[in-house]
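The next block holds one structure in the form of structure tokens; read it before the comments.
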């Protein structure tokens, strides 16, 4: 059986680089410093509070693309995309404008059942896995929910506040600013967008060890590991990629995409932007997670039964990702299988690095 073999371009992996990001937060009207403003990298574990001069420093930032977020009560929020490579970043003054208060439209739905739709939101936002069931929303009242029976769409946001989460399975506290969450019951698709700050929970040495093991287990076979392995040119260590235009069946002949010799069937390449890469293949890719080797004919030799963890379909011509293994335009990709069920309760911060447990 003929197999198409792919050699991915060797990408420089910048996960080990750690730099500082400095700046100052001031009032955009009179340039006076803003004290105790929260400054953090969205969906990561790096954050700081501004001092009396409005200054902040984010330490030990790993390479990759991030959304830097600044918030303080009474002022409009600020978000800026920063690309971290090997050099320290000086942002200068970040000017925030005082917030203007506007009355929001009040929507009245007959017989609106908040508890019912909040439970629906929680299921779609946090997920239904064992990890999600151990994730608690501390302040559910900040969640604004609406359901439109005509469009069969549920929408939610957190207004000006953060949803406070405790993931007791992974040992994280999360402050999540939910810009929007849309559940479309017609096509069963879920989209949510927001910013989050992760903080490791305090615990006994035994609890910390348990959390590290659980985080490592979640990382294995995840989209984050897949894209990081793709950047590091070591997919063969953990994944089998199958290129097909139809759903696979047991015993079906497949075209295996590996990275062994050059081929025209490429599906990923680097962009002109440092640290940014893209998927370009419009044919679905089925992703199997397992430790494998290849025989002299290029056929996969399975060390153990593999798990079909994901299927990638592009909804746009290109999907972009960075050194951290994070999709930069997630709306461009449709995930299926286990990857398609992952929600906030199953996620790790984007600067997570697996550790070896002694």
Please go through (1) out of contact with any strand residue (DSSP E or B) (no Cβ under 8 Å at 6 or more places or on another chain); (2) surrounded by 14 or more Cβ atoms within 10 Å (Cβ to Cβ); (3) at pLDDT below 95 for residue 170 and return the number of the only condition it doesn't satisfy. (3)
Conditions (1) within 19 Å of residue 115 (Cβ to Cβ); (2) surrounded by fewer than 20 Cβ atoms within 10 Å (Cβ to Cβ): number failed by residue 163: (2)
Just for the range 51-79: of the residues that are exposed (fewer than 14 other Cβ atoms within 10 Å of the Cβ) and assigned to a strand (DSSP E or B), which one is farthest from the chain's Cα centre (by Cα)? 57
Mind listing just one residue for me: the one in the range 14-33 that is in a loop (DSSP other than H, G, I, E, B) and within 20 Å of residue 59 (Cα to Cα) and, of those, modelled with the highest pLDDT? 17
Do you know which residues across the range 80-98 are touching a residue at least 40 places away in the same chain (Cβ under 8 Å), assigned to a strand (DSSP E or B), loosely packed, with under 15 Cβ neighbours inside 10 Å and under 24 Å from the mean Cα position of the chain (by Cα)? none
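The values are calculated or read from the model by the stated rules, or taken from the named source; none is laboratory data. Predicted, not measured: the structure shown is a model, and the values here were computed from it. All Cβ positions, glycine included, derive from the backbone under ideal geometry; neighbour counts span all protein chains shown.
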